[in-house]
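Student: Okay, handing you the structure first.
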Amino acid sequence: MNQNRLSSRWAWGVAIVAAVVAFGWGLSAPSGAVAQSGQSVILAMGQWHGIDSFHQAQGKALLVRLPDGRRFIRLEDFRVTNGPDLYVYLSGHPSARTGAQLHEGAAFEVARLKGNIGNQNYELPADLDVSNFKSVAIYCKRFSVMFGSAELIARP
């Protein structure tokens, strides 16, 4: 491979890494941040808790609003017991431990879980009223089993 092609690929790799870091940095604004140009706002956050000795979860769940108005559920330092058919949900229950509790009142399926370890972002629909939800949950649809939940505490 000639030197120009190698340099070009290396430059593209650096540019992609820089874009990913910039996106992640933009989602990690300090709590209580005021919406200013280029700054995201943490609307609510919580700590993950497992459901039992087998179904474990840890890390943080954040509800984040970007400067352009888009909202995301962000999982940081996230780890959950691996399982089949896992989904991220928003729930009206503050700490659902069962499928019935997850679905009583408000419940919204956000997306299939991207992975059981690592930081992740899930964009929410623009018309979703997030005021009805009190927690984020990881739920196995195939076996109707909760794996973990994080109560969302609104930020001042």
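The values are calculated or read from the model by the stated rules, or taken from the named source; none is laboratory data. Fair warning: this is a prediction, and the values are worked out from it, not measured in the lab. For neighbour counting, all protein chains shown are included, and Cβ atoms are generated from backbone atoms with ideal geometry for every residue, glycine included.
Student: What number of residues in the stretch 60-87 are β-branched (Val, Ile, Thr), buried (at least 21 other Cβ atoms within 10 Å of the Cβ) and under 15 Å from Met146 (Cα atoms)?
Tutor: Of the residues in the stretch 60-87, 1 are β-branched (Val, Ile, Thr), buried (at least 21 other Cβ atoms within 10 Å of the Cβ) and under 15 Å from Met146 (Cα atoms).
Student: On to the next question. Considering only the stretch 126-156, how many residues are under 14 Å from the mean Cα position of the chain (by Cα) and free of Cβ contacts under 8 Å to residues at least 12 places away in the same chain?
Tutor: The qualifying residues number 0.
Student: Could you tell me whether any residue of the stretch 5-28 is modelled with pLDDT of 50 or more, among the small types (Gly, Ala, Ser), out of contact with any Pro (no Cβ under 8 Å at 6 or more places or on another chain) and within 22 Å of Phe133 (Cα to Cα)?
Tutor: Scanning the stretch 5-28, I find no residue that is modelled with pLDDT of 50 or more, among the small types (Gly, Ala, Ser), out of contact with any Pro (no Cβ under 8 Å at 6 or more places or on another chain) and within 22 Å of Phe133 (Cα to Cα), so the answer is no.
Student: Within the stretch 67-108, track down each residue that is in a loop (DSSP other than H, G, I, E, B), in contact with a strand residue (DSSP E or B) (Cβ under 9 Å, 6 or more places away or on another chain) and closer than 21 Å to Asp129 by Cα. Break it down into steps so the answer makes sense when it comes.
Tutor: First, pick out the residues of the stretch 67-108 that are in a loop (DSSP other than H, G, I, E, B): 67-70, 81-85, 92-98, 104-106.
If we keep only those that are in contact with a strand residue (DSSP E or B) (Cβ under 9 Å, 6 or more places away or on another chain) too, we end up with 67, 70, 81-85, 92-98, 104-106.
If the condition is that a residue be in a loop (DSSP other than H, G, I, E, B), in contact with a strand residue (DSSP E or B) (Cβ under 9 Å, 6 or more places away or on another chain) and closer than 21 Å to Asp129 by Cα, then Pro67, Arg70, Gly92, His93, Pro94, Ser95, Ala96, Glu104, Gly105, Ala106 are the ones that fit.
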